[in-house]
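Laboratory data are not the source of any read-out in this text; all were calculated from the coordinates shown. All figures in this text were calculated on a predicted structure; none of them were measured in a lab. Counting neighbours? That spans all protein chains shown, and the Cβs are built from the backbone with ideal geometry, glycine included.
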Amino acid sequence: MANATMRADIERQPAVLAEILPKLRAAAQQAVPKTPGGRIWAGGCGDSLFAAQAAAPYFAATGLPYRAGSALELGFQHDGPQEGDHAVLMSISGGTMRTVECARRLQARGVRVIAVTCAPGSALNQAAAASMQLDYEPMPRTTPHTTDYTVTLLALAALAEAFAGHEIPELETLPARTRIALPICFEGSRDTLLGHYDPDLRARYFFLGGLDAYGTAAYAAAKFHEAGGLPALAAESENFVHGMNFMLEQTDLVVPIVDPGPAGFRAGELARELPALAETRAILGTTEDSPEVLDRPLVDLRGEVPLHFPILSALAVQALALTVAELVCPDLEEPRAGFADGERHAAVQSRLMKQGRTVFR
């Protein structure tokens, strides 16, 4: 069933990113101390965690010590952020309980917390030492959310600039490239799903990536989970071949994310071998010549600037998720996308997400 809400959220991203980039840069300069020092950590829950993982290339490009983690990891890990470090904690609503708890725990530990949120008066802002407002209007959460993720990625890139003390010039052309890439991403999804691969409710979706591309893989799977609980898995590209490969059936769709980073080669190897087991369509971002992979990619981003890959590859998986959902989901805006027991699932999720500790030790 066609869905205008998710499609509008996807299609507005080039305009939103172009408008918000200078605002994010200004906000990042305000949030980061002039002489920061210490290690930089970033994370949250759900898409915020995946964005923190996928944003690693921005910090690598500036030579900054950076590590991503979930709110649970950053708040409770014995060797997590320590006094003198910085922790960027993200939540669109600013009210994610575990992220707020993490902020309070880290602040008490002497870690300087920067809140990244759309809600200036939120609990996360109040728990942080500094804040960075995402100045745009989030779409309703009735469908898998998309702009929230790419804006969060761009915010992390702006923070990498602020911590490094200089701009990343590649960001200037990124919004324009998203405008060009987006129709290509939809074309690749339509070609995959309507031209060569016929999805049904038996199909499962596997997204494979290494290092920062694992964040993109996890984000991709999450869009399918949000679309009524469609069966999708994210796996680290190396770990996948140590047993998970036995799960594959001919009715599945596998998407190796062949990113431009140092681990992209492994996803490329998977893209060459896995067509023997299941329909395989790669997101290509490397510059190496791999004719076997090029036969039918989901989208070919090899001509793009490497630092554009985290956001452009996100557009590719968003387009795929929407195209699949419109083919197999009864109603994307209903609880559980119109599948059975949607209200019960939503009620349990709501109770669990509202549970947070009030004692921080």
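Okay, here's what the table says:
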{"item": "Rg to Rh quotient for region 4-167, alpha carbon positions, Kirkwood Rh", "result": "0.95"}
{"item": "Sorted by Cβ neighbour density within 10 Å, fewest at the top, the residues 329, 45", "result": "45, 329"}
{"item": "Viscosity 1.002 mPa s, temperature 20 °C, Stokes-Einstein D of region 173-329 from Kirkwood C-alpha radius, µm²/s", "result": "142"}
{"item": "Fewest-first sequence of 207, 339, 59, 76 by Cβ atoms within 10 Å of each Cβ", "result": "76, 339, 59, 207"}
{"item": "Inter-label distance for residue 225 and residue 347, nm, one decimal - labels placed 7 Å from Cα along Cα-to-Cβ", "result": "2.3"}
{"item": "Förster-model FRET efficiency, 25 Å R0, residue 166 and residue 19, C-beta, rounded to 0.05", "result": "0.65"}
{"item": "Cα centroid separation, region 99-133 to region 169-198 (Å)", "result": "35"}
{"item": "Extension reserve of the residue 305-residue 34 stretch, reckoned as 0.36 nm per residue once the Cα distance is removed", "result": "94.6 nm"}
{"item": "Residue order, fewest to most beta carbons within 10 Å, for 47, 148", "result": "148, 47"}
{"item": "Ordering of 61-71, 93-103 by packing [mean C-beta count within 10 Å, highest first]", "result": "93-103, 61-71"}
{"item": "Rg to Rh, two decimals, where the chain supplies the alpha carbon set and Rh follows Kirkwood", "result": "0.96"}
{"item": "Net lengthening on full extension, residue 1/residue 135 (0.36 nm per residue, minus Cα-Cα)", "result": "45.1 nm"}
{"item": "All-pairs Cα distance distribution in region 292-355, expressed in whole percent, bin size 10 Å", "result": "17, 29, 27, 20, 7"}
